[in-house]
Amino acid sequence: QVQLVESGGGLVHPGGSLRLSCVGSGVSLKFNRMRWYRQAPGNERELVATITPSGSTDYADTVKGQFTISRDNAKNTVYLQMNSLKHEDTDVYSCKADGGVSCYWGQGTQVTVSS
């Protein structure tokens, strides 16, 4: 059974940092294009960051220079380092493994930025 489990969300003050993790089981994440999305209730899902199997990365303009996506293939884990967090970064963050033919989603982790 394939499963992606996100963790690392929580409540943080503006200007703070969080590192989200997405751990895979039943699937080798290193062969997948991994993506982080975020979505607030009533809003469209936004693609935040992508990392390819070769390690190339891409970011939404809204988070460039603020977020960093990375992967640890030995741990079958993808990370999203989020710095200088702002109120508008409050969302549910989800990871997605995109293998082309198949894709899998995690359940999401809540990030709340509040003073």
- Task: Please go through region 8-17 and pick out each residue that is touching a strand residue (DSSP E or B) at 6+ places or on another chain (Cβ under 7 Å), closer than 11 Å to residue 85 by Cα and open to solvent by less than 30 Å² (accessible area, probe 1.4 Å).
- Result: 12
- Message: Yes or no: region 81-90 includes at least one residue that is open to solvent by less than 50 Å² (accessible area, probe 1.4 Å) and in a strand (DSSP E or B).
- Response: yes
- Under 6 Å by Cβ, and 6 or more places apart or on different chains, what pairs join a residue from region 20-37 that is of a type in the set (Val, Ile, Thr) with one that is in a strand (DSSP E or B) and surrounded by fewer than 16 Cβ atoms within 10 Å (Cβ to Cβ)? 23/5
- Message: Quick check on my filter: what residues within region 58-69 are over 18 Å from residue 85 (Cα atoms) and surrounded by 15 or more Cβ atoms within 10 Å (Cβ to Cβ)?
- Response: none
- Task: Considering (1) open to solvent by 50 Å² or more (accessible area, probe 1.4 Å); (2) touching an Asp or Glu at 6+ places or on another chain (Cβ under 8 Å); (3) hydrophobic (A, V, I, L, M, F, W, C), say which one residue 103 fails and leave the rest.
- Result: (2)
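The values are calculated or read from the model by the stated rules, or taken from the named source; none is laboratory data. Just so it is clear, the model here is predicted, and its values are computed rather than measured. Cβ coordinates were reconstructed from backbone atoms using ideal geometry, including for glycine residues, and neighbour counts include every protein chain displayed. The accessibility values were calculated without ligands, DNA or RNA, using every heavy atom of the protein model including side chains. Shrake-Rupley method; radii C 1.70, N 1.55, O 1.52, S 1.80 Å.
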